[in-house]
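The structure appears below as structure tokens.
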Amino acid sequence: MIIPKQNSAQSLVVRSINNDDNTRCVDIFRRKDDSFGFEEYRLDPETNEGWYKIGFFEESTFFTSAIEAYDSACEIIRWLNDEKHSL
């Protein structure tokens with residue numbers, strides 16, 4: 001199932017990190033309850049239809065800080081770990 005990129009109305013993206021060719025993205029976000037999480041998206045440049053959720057981590061990752069969410073995302077998402085962006 002392909003879902004257009006959108007984060008829950010209950011959360012605020014605090015950092016969005018793209019891979020080197022801008023076809024993948026990880027959003028680190030803060031929820032209304034002040035917990036943090038992350039989600040991975042893919043951009044399909046051929047279709048020009050926008051970003052699609054591919055990780056399905058949004059509802060299963062809960063952290064107390066953006067740094068914890070980022071560190072966990074780096075452990076799970078290979079390209080993010082390989083590129084190691086600063087938060």
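Residue-level check: of (1) surrounded by 15 or more Cβ atoms within 10 Å (Cβ to Cβ); (2) at pLDDT below 95, residue 81 misses just (1).
Could you please let me know if residue 65 is of a type in the set (Ser, Thr, Tyr), modelled with pLDDT of 95 or more and surrounded by 11 or more Cβ atoms within 10 Å (Cβ to Cβ)? Against the criterion (of a type in the set (Ser, Thr, Tyr), modelled with pLDDT of 95 or more and surrounded by 11 or more Cβ atoms within 10 Å (Cβ to Cβ)), residue 65 qualifies. Tallying residues that are within 18 Å of residue 32 (Cβ to Cβ) and either in contact with a helix residue (DSSP H, G or I) (Cβ under 6 Å, 6 or more places away or on another chain) or among the hydroxyl-bearing types (Ser, Thr, Tyr) (or both) within region 59-75 yields 5.
The values are calculated or read from the model by the stated rules, or taken from the named source; none is laboratory data. What you see is a predicted model, and the numbers here were worked out from it, not measured in a lab. Methodologically, a virtual Cβ is constructed for each residue, glycine included, from the backbone with ideal geometry; neighbour enumeration extends over all protein chains shown.
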